[in-house]
Each structure stands twice: as C-alpha cells, then as structure tokens.
Number of protein chains: 2
Amino acid sequence: MKHYTDPIQADLQAFESHFKSTLRSPIPLLDIILRYLVKRKGKQLRPALVFLTARLTGLPITERTHRGAALVELMHTATLIHDDVVDDSPIRRGFFSINALWKNKGAVLVGDYLLSRVLLLAVEHQDHDLLYHVSSSVKAMSEGELLQLEKARRLDIVESVYYEIIEKKTASLMASCCGVGAASTGADAAAVEAVRRFGLALGMAFQIRDDLLDYRQYDQTGKPNGIDIKEHKMTLPLIYALQQADPAERKSMIRTVKKDADRPDRVQALMDRVVALGGVSYAEATMHRYKEEAVEHLNHFPDSDAKEALRLLAEFVVARKK
Amino acid sequence: MKHYTDPIQADLQAFESHFKSTLRSPIPLLDIILRYLVKRKGKQLRPALVFLTARLTGLPITERTHRGAALVELMHTATLIHDDVVDDSPIRRGFFSINALWKNKGAVLVGDYLLSRVLLLAVEHQDHDLLYHVSSSVKAMSEGELLQLEKARRLDIVESVYYEIIEKKTASLMASCCGVGAASTGADAAAVEAVRRFGLALGMAFQIRDDLLDYRQYDQTGKPNGIDIKEHKMTLPLIYALQQADPAERKSMIRTVKKDADRPDRVQALMDRVVALGGVSYAEATMHRYKEEAVEHLNHFPDSDAKEALRLLAEFVVARKK
C-alpha cells in the first residue's frame, strides 16, 4: 500500500461525483457559489476517514456510508466557510474565501444552507445515529472557537485549556467522521467507541501538526512565517516555552505577542526563543504520543487493508508539510 | 378572549423558565452572550404558534410540544443572529445586536452553537419528525436570503419573485412552527398539513405587514422612514407601483432607489408616488387575502379556544404596529 486512499479509491470516486451532482441549486447565486466550492475542494481527509473506518468494521459498505461521507464533508465545508468569516480570512485552500468574494453576507448564508442540507439529508433517510455524531461536533466546534476567542483576548492559555480548545475545534470533527463511518455499517457500540477514540487522538495530533507548521524554519510550507503569533493565537510550542521561561523573559515574550506581532524581526526572535526553550520539540513529542494513542485504538479490530491504511493516514497526519 | 396567548399562558410561562435555564454554558464568554440573548427576547410569536397549533389538534400537550417550542425558538434566535451579520445591523429588538457587541466572529459562532443545540435537542429525544419541519425551514430561509441578495443587486424583483422570497424567508418558519406544534401531539398527516398551510399563509401576511410598516406615514411605528428603500429592498408596495408607472416614471423611480436612497426628500417623494400609484392599498389587500386564506385552513379543525386564539393571532399579525 502506497497511500491511505488505496483501498477506497472506488468509494472516493463515487462519492466525489455524487457530491458534485447534489451540490446544485435552482437559485443562480447559490448555484454559482456551490460550483465554486466544489472546484476548490480540499484533501478529502474526512470522507476518507468515513470510508476507511466503515471498512475497518469488516461489515459491508452501504448507501449509508456514502451518505455519512456526504454529511461530514458538507458539514466540514459549512464550518470552514463560517471560520473564514470568524477569522476574516481572504484565502482558503489557495482560492479566495467565500467571504472575500461574496462578503460576510454570502458566506454566512451559504454556510447555513449547507448545514441545513446536512440536516435534511440525514433526516430524510432516517440516519439519526449518523446525525447525532455530526451534531455533537457542530456544538463542540462552535464552543471551541468561542473558548479560543475568549482566551486569546487575554493571552492566558495554559496547556490544559489548549488541549480543550483543539479537542473541541478540530479533534471532535475527526472523531465524528470515524463514528459516522463505523456506525454506518451497523457496527456495535464498542467498535464505534474505539474508532471515535482513534479519531479524537488523530485530530489532536493533526492540530498540533498544524500549529507546528507555523514554525516554518523547521518545515518548508507555503504559509507565511509566524502567522499564529501575528494573530495572537497561543499554540503549544509557545505555551510550553512560556512555562519554561523565567518570569522576566515570560513577560517580555508576552509583550511581543501583544504589541510587536506586526514586527517581523521581533516575531522571528520570539520564535527562535520558543525553539531554544524546547517548545517545538515538546509539541512534536506530544503530537507523536497522540498519534501512538490513535494507532493503539485500531487494535480493537483485526488486521485488514483498512487498518493498514488508517495507520498510514496517522503517519501522514504527523508528517504532512501542509 | 382578549389576547391570543390567553389559552396558553401556563404553557408559555413553563416554556420561558425552562428555556432560560437550558441556555447556559460552562464557557464564560458563551454564557455571557446567552444571558444577553435571553434578556432581549422577542414577542415569542413562534412558541405561541407551537402551543396553539398543538392545542388545536385536540390531543394532549406533552413534553414533545415543549421541546418543539424550544426547537423553533432556538432556531429563530440563531437565524436572527446570523441575519444581523448578513444585514450588518447594529440593533435588534431595541438592544445592540450580537455582531455589534461581539463582532461578526461572536455572532456567527453563537448562531452555529444555537443551531447545534437545536439538532442535539431533537436527536437526543428522537424527535425526528419535529427536526424535519425545522430543518426544511433553515434551508428555505438561507435560500430566500440568497435569492433576495441576488435580486436586490439588480433591482429586478417582480411580484412572483417577491412572493417566492418572503415565502422562503419568513413564511417557511411560521409553517414549520405550526407543523411542529401539530406533529408534537401525534396528529395525523392531514391535520399537520392543514396547520402548515395556515402557518405559510400567515407568514406571507406577516411579512407583507412588515413591509407595509416601512411606509410609516400610514402607521405610527418607531421605525425610521423608508428604511427598506434606503437599503435597496424591493417590497410589494414599490413593486406594484413600478408595474403601474409608465416607462419614464418607472426609470426615474428606480434611479431614486439606486442613486438617491440617502436623500430623505427623494425617498419621501418616491414613497408618496408609491401610495398614489396604489402600491400601499394593493399590498394591504394582498395581505388581507393571505390572512383570510390562513383562517380558512383552520376550518379543518372543530371550534376550540385554540382555534379562536389562532384567529385572533391572525388579526394581530395584520394589525400590528411593530
């Protein structure tokens, strides 16, 4: 196996063409935005998680699994659109964001429209168990963003709050994807719980990797340097480094985040200190621990192509360059 | 009976105290926003519709009816918050809007949070039929707003498009409230359909009344004069008047909306012409026709206090001053 999508190529292709054809609307403006969304699709990690965890259960893949993949992808798309409004981002996946092109107005409405499509898709087909997984993560994600919003203002994020935020903001959706996948085949509660835990730990590793990518002198990504610091986002490398610094240095580091986030030299100096204080290695070690925890949960299931692919996926998550 | 809430006073009181106690969160910022929302509650027309249509069926009111009322009120609150982002409104119900106080960020997230609460409330109690009614209107509302957004830009709203917009934007939610109320008692499909149609026609009358209130020389409201025109919103009085005007005058009226919407004298002159061309009387007559249609649908049910109250409510909708 070369890539984690190898065992689910056919699933993903069927999913994609179906997804494209359902995302149409008789309302011209809405249809234009939906086509634009389909064009700038992401790496489809979430539908892949649904199909792989469904196959992991050893039970047959059905229409329900395909609907589950559509549910999570619609929901993920809706929340990305709203996130871009929340963060006022002009760019998403290398394209202009919906709010950049159609203002906040258009972005809020299209996000709501997609959420309603999630709902109706599930309710019409009586996929109530799948809907439960999805709706818990909508709640968690909005809570996570609000928690971050509140804490960011005061720059007082300690490590435990950081984990709470990323669990809600990122890991809960990955847990839902896995829950949806396993539940879609009718797997038992213990199996669903095991894959949910796999997804949760994977999501933690995923977000820490995201935060590490911001320290680009250690990774060659297309992202601008230190953007999290510029946006006053407290991520694990910085939080750990602040814990290690003596009180005087801590004060000065916080001042840089608060007052000098627009001065590239100061931001660079701060990032160098974060590295020197062990923040980056600590975050890397933590990420690997979460990845190992994720892989552990796969042992609930017998060996299979899907299990192997999920292991590969976990490796991809901690090694990805973007 | 003096007021349409007379037969459901106890229901509404129980609803309100329950609603207040469930809208709490351990996340401090979220909790502050939720308390603020509870304080500035509206006229609770939508919960009243749920309780009255439930009673109209003649079957016993249960916990499901109370959950139905919470579902529609949560959903309505979520969409109002998102609407204020969409319209960039600083004021809602005489208080500052959520986006005015907590920026678009906070407003988008709290709206999403409330939508997730709607979902979870319904899914946890297996109220799937109620959820179906609610989710259809989330879809319709976002479609209606997007349709309006598109058409408003080109100022080419004809009467049929206007009806399509207000049906989606306003009437669909009232139809859902009624559907939820009747379905909550386990009424049969014909009864649910009859009250849905009542709600839909009532909602049409409600929105036309709203649009008429903008012509305040004919009503004493607290709203500023001609705000719809200032915001380039094409409503029924204006659409009808444009149909009646000769081509030259039509052109000049459209120019006023496009170019002179910030000049109070021009807006006033336009509104006077709308009245003179019969736009206001036409909209009033149309509103009354919808109200009559709504009341007709009540004849599916035997006489009762609830039926009488719904008739009163319909009269209130077309006579209200704000």
Task: Residues being within 18 Å of A:D228 (Cβ to Cβ) and among the charged types (D, E, K, R) - total across region A:123-166 - done: 8
- [ ] Could you check, for region B:274-284, whether at least one of its residues is part of a helix (DSSP H, G or I), touching a helix residue (DSSP H, G or I) at 6+ places or on another chain (Cβ under 8 Å) and within 30 Å of B:A182 (Cβ to Cβ)?
- [x] yes
Task: Hits in region A:36-85 - residues which are of a type in the set (V, I, T) and in contact (Cβ under 8 Å) with a residue 60 or more places away in the chain - done: A:V50, A:T53, A:T57, A:I61, A:T62, A:T65, A:V72, A:T79
- [ ] Could you list, in sequence order, all residues of region B:285-322 that are assigned to a helix (DSSP H, G or I), surrounded by 15 or more Cβ atoms within 10 Å (Cβ to Cβ) and basic (K, R)?
- [x] B:K291, B:K307, B:R311
Task: Positions within region A:123-134 being in contact (Cβ under 8 Å) with a residue 40 or more places away in the chain and either surrounded by fewer than 24 Cβ atoms within 10 Å (Cβ to Cβ) or more than 9 Å from chain B (Cβ to nearest Cβ) (or both), in sequence order - done: A:H125, A:D127, A:D129, A:L130, A:H133
TODO: Within region A:91-117, count every residue that is more than 10 Å from chain B (Cβ to nearest Cβ), charged (D, E, K, R) and crowded, with 23+ Cβ neighbours inside 10 Å.
DONE: 0
Task: Failed criterion for A:L120 (all others in (1) more than 30 Å from A:E231 (Cβ to Cβ); (2) of a type outside the set (F, W, Y); (3) surrounded by 19 or more Cβ atoms within 10 Å (Cβ to Cβ); (4) facing chain B (nearest Cβ under 9 Å) hold) - done: (3)
Task: Search result, residues across region B:240-262 that are of a type outside the set (V, I, T) and either touching a Ser or Thr at 6+ places or on another chain (Cβ under 8 Å) or touching a residue at least 60 places away in the same chain (Cβ under 8 Å) (or both) - done: B:Y240, B:Q243, B:K258
Open item on the list: within 13 Å of chain B (Cβ to nearest Cβ) and farther than 12 Å from A:I98 by Cβ: which single residue out of A:V50, A:V72, A:V86, A:V38 fits that description?
Closed with: A:V86
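Residue by residue, here is whether (1) within 14 Å of chain B (Cβ to nearest Cβ); (2) more than 27 Å from A:L238 (Cα to Cα); (3) touching an Asp or Glu at 6+ places or on another chain (Cβ under 6 Å) holds:
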| position | (1), (2), (3) |
| --- | --- |
| A:S136 | yes, yes, no |
| A:K139 | yes, yes, no |
| A:E159 | no, no, no |
| A:K168 | yes, no, yes |
| A:A183 | yes, yes, yes |
| A:G186 | no, yes, no |
| A:F206 | no, no, no |
Task: Residue that is farthest from the other protein chains (Cβ to nearest Cβ) [pool: residues in region B:141-156 that are surrounded by 23 or more Cβ atoms within 10 Å (Cβ to Cβ) and in contact (Cβ under 8 Å) with a residue 40 or more places away in the chain] - done: B:Q148
TODO: Determine whether region B:15-28 contains at least one residue that is among the aliphatic types (A, V, I, L, M), within 14 Å of chain A (Cβ to nearest Cβ) and crowded, with 19+ Cβ neighbours inside 10 Å.
DONE: yes
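Bear in mind that the values in this text are calculations on the coordinates, not laboratory data. Just so it is clear, the model here is predicted, and its values are computed rather than measured. Counting neighbours? That spans all protein chains shown, and the Cβs are built from the backbone with ideal geometry, glycine included.
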